[in-house]
Amino acid sequence: MGRIDSLALMRVLSVVGNRPQFVKSAPLSEAFRTTGIDEVVLHTGQHYDPELSQVFFEELELAPPKHRLETGSGSHARQTALMLPGIEDAILAEEPAVVLVYGDTNSTLAGGLTAAKLHVPVAHVEAGLRSFDRRMPEEVNRVLVDALSSALFAPSDVAVANLRREGIVDGVRQVGDVMADANRRLAPLARERSTALADAGVEPGGYVVLTLHREANTTAEPLRSVAAGLAALDEPVLFPMHPRTRAALDAAGVELPAHVHVLPPLGYLDFAALASQARVVATDSGGIQKEAYWYGVPCVTLRETTEWVETIEAGWNRLVGTDPAAIAAALADPPRASERPELYGDGRAAERIAEHLGTMGRR
């Protein structure tokens, strides 16, 4: 996959494209500045709505991306393909020592694939995660990018073990999760600054937060099932709605119960304030499962599998799919273990990644 051997100022091209990646990049960008690494940011345009994109750059005080693609929406294959030429142009122009990609999105795959084709080493943040469900586009992206990567930064021992089973051991390092870094720094700030609870007219512990955006859940049948499961509740459900989900609900003609309050997509601080003070979080997101755990808020996951298995084993997360009865039962009596051990690092993942990349650049 190539050796990182730049003797000049270490330059990293960071490829980001959606909400979780913007959040993950914040502590790492700070660590790069401290370490003396020259970071160039490319925004693929995967999340192009200002409420899912620009607000995060502003709240997290991220430098504006030097390269911005206008990819927009589309099927997974088409969206990925549309990103490739722009990423190639940026790599050729910037001549980075390494291309850094995050997570498991189409942006992740496009960045990793383009860099590998140009013989530029790939560094993958959140390497080794597996749901073992190849029906999920994200799972395919994870597996492919890990196979292409020279530096694989795993968030947990389970992720390292997953890579080892696939024969991937070179370049693997367990550094913790950069989302844990962001969460430790920003969650207290969110509760201090945000007015999201007051705006929604709710009190801490007196509501449910719902997110729903996975492709498998944004068709008519699962949407009706989730709506039916929510109908059994008698408390407010705050639902910051992804544009994809809104379009799918309208197309399917699904009506949500009256106590489900649809909100526009939220910035990081407002969402963190709501999620950290909810009675329970219901989600099909990967990252929000971890965030709920760190907040000490029970999580009900609207999927059959998860890549964050440690949250299940710790007793704070439950998989229910989209079965209405299972959703209603789990939300009425959510998982809450007596203990909450530290998962996914100590808040220094970004520092470790920056230090390691800097060392590689000086070889």
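The values are calculated or read from the model by the stated rules, or taken from the named source; none is laboratory data. It should be emphasised that the depicted structure is a prediction, and the values quoted were computed from it without experimental measurement. Reconstructed Cβ throughout: ideal geometry from the backbone, glycine too, with neighbour counts over all protein chains shown.
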Quiz prompt | Where Val15 falls short, out of the listed (1) modelled with pLDDT of 90 or more; (2) assigned to a helix (DSSP H, G or I); (3) in contact with a Gly (Cβ under 9 Å, 6 or more places away or on another chain) | solution = (2)
Quiz item: Listed residues Val140, Val99, Val125, Val158; which is in the same structural domain as Ser29 (by TED's automatic domain parsing), in contact with a Ser or Thr (Cβ under 8 Å, 6 or more places away or on another chain) and closer than 28 Å to Tyr268 by Cα?
Solution: Val99
Quiz item: Which strands (runs of 3 or more DSSP E) does the stretch 278-353 wholly contain that include 1 or more residues that are assigned by TED's automatic domain parsing to the domain that holds Phe32, free of Cβ contacts under 8 Å to residues at least 24 places away in the same chain and not charged (D, E, K, R)?
Solution: none
Quiz item: Considering only residues of the stretch 70-99 that are modelled with pLDDT of 90 or more and of a type in the set (Val, Ile, Thr), which is nearest to Ile37 (Cα to Cα)?
Solution: Val98
Quiz prompt | Ala110 vs. criteria crowded, with 23+ Cβ neighbours inside 10 Å and under 19 Å from Val309 (Cα atoms) | solution = no
Practice problem: Identify all residues within the stretch 202-215 that are over 19 Å from Ala332 (Cα atoms) and without any contact (Cβ under 8 Å) to a residue 24 or more places away in the chain; write none if there are none. | Solution: none
Practice problem: Output yes when any residue across the stretch 49-66 is in contact with a helix residue (DSSP H, G or I) (Cβ under 6 Å, 6 or more places away or on another chain), assigned to a helix (DSSP H, G or I) and at pLDDT 95 or above, and no when none is. | Solution: no
